[in-house]
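Here the structure is laid out as structure tokens; the discussion comes afterwards.
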Amino acid sequence: ECLIAPKDEL
Amino acid sequence: MNAFRLAGDMTHLLSVVVLLLKIHTIKSCAGISLKTQELYALVFAARYLDLFIHFISLYNTVMKLVFLASSFSIVWYMRRHKIVRRTYDKDHDTFRHHFLVLPCLALALLINERFTFREVMWAFSIYLEAVAILPQLVLLQRTRNIDNLTGQYVFFLGAYRVLYILNWIYRYFTEPHFVHWISWVAGIVQTLLYADFFYYYIMSWKNNVKLELPA
């Protein structure tokens, strides 16, 4: 399963 | 956080500081596109909807607040401040920025990571950020005398984009699940838009002459 990384960028 | 990301955020911050310095202390916004600034305010408003829902880190929250506050205050200065607004080069800042918003929204509705309000707004903000610099670049091309602060402002913005790409490459190899195709593709498009500007900026710096973009 391809997990989507958390949106921790600005 | 890796060094590229931190350096990218810092150059982004620096670009805002340079612009605020110009507006706040010199009381001038000559050569700055209000259209681009309005688009950035919209970009940050759409992207940071999660500000009070998802806590990532203090750094993240503070930076989001800084970008929101600075982008809206720049728009306020350019529209309402009685001295600053007189220096606004309205006649040359004619890019029809509204026509960028709708296609970006349509694209966000079609291509997003998940079809929810916040995800669509996130994708919209990414697409809009990629093209938001266009009115500014067009205005630069029409400006005969680009002052140093304006040149530095655009240079730092472009440097931030380049550093973010290096950050993604780094994260791709060090974090196995780090995949954000939408921001990568849009980010590369955005960075390419600066290529021409960078060329003339570096040449003017190298030859020690005033920056001027060919019409």
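Laid out as a table, the results:
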read-out: In nm, spacing of pseudo-spin labels at residue B:181 and residue B:66 (7 Å Cα→C-beta vector); value: 3.3 nm
read-out: Flagged links, alpha-carbon separation over 31 Å, of A:7/B:206; B:82/B:210; A:7/B:90; A:7/B:210; B:27/B:64; B:64/B:210; value: A:7/B:206; A:7/B:90; A:7/B:210; B:64/B:210
read-out: Kirkwood-Stokes translational diffusion coefficient of the protein assembly as shown, alpha-carbon pairs, 20 °C, 1.002 mPa s, µm²/s; value: 118 µm²/s
read-out: Net charge, residue B:147 excluded, C-beta distance under 14 Å - Lys, Arg +1, Asp, Glu -1; value: +2
read-out: With Cα atoms, 0 to 90° folded angle of helix B:195-206 axis to chain B main axis; value: 50 degrees
read-out: Highest-MSF residue in chain B out of B:145, B:60, B:112 [GNM, Cα springs under 10 Å]; value: B:60
read-out: Residues B:100, B:140, B:6, sorted so that the one with the fewest Cβ neighbours within 10 Å comes first; value: B:6, B:100, B:140
read-out: Candidates B:42, B:157, B:107: whichever shows maximal mean-square fluctuation once chain B is modelled as a Gaussian network with Cα springs under 10 Å; value: B:107
read-out: Within a Gaussian network of chain B (alpha carbon springs, distance under 10 Å), most fluctuating of B:53, B:126, B:146; value: B:53
read-out: With Cα atoms, 0 to 90° folded angle of helix B:98-110 axis to chain B main axis; value: 10 degrees
read-out: Least to most buried among B:189, B:179, B:84 (fewest other Cβ within 10 Å first); value: B:189, B:179, B:84
read-out: The stretch B:162-215-the stretch B:10-86 distance, computed between alpha-carbon centres (Å); value: 20 Å
read-out: Relative contact order of chain B, defined on C-alpha pairs under 8 angstrom at six or more residues apart (%); value: 31 percent
read-out: Cβ charges +1 (Lys, Arg) and -1 (Asp, Glu), total dipole of the protein assembly as shown, debye; value: 880 debye
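Bear in mind these aren't lab numbers, they're just calculated from the coordinates by the rules spelled out. None of the values given here were measured: they were computed from a predicted structure. In this analysis, Cβ positions are derived from the backbone assuming ideal geometry, glycine residues included, and neighbour counts consider all displayed protein chains.
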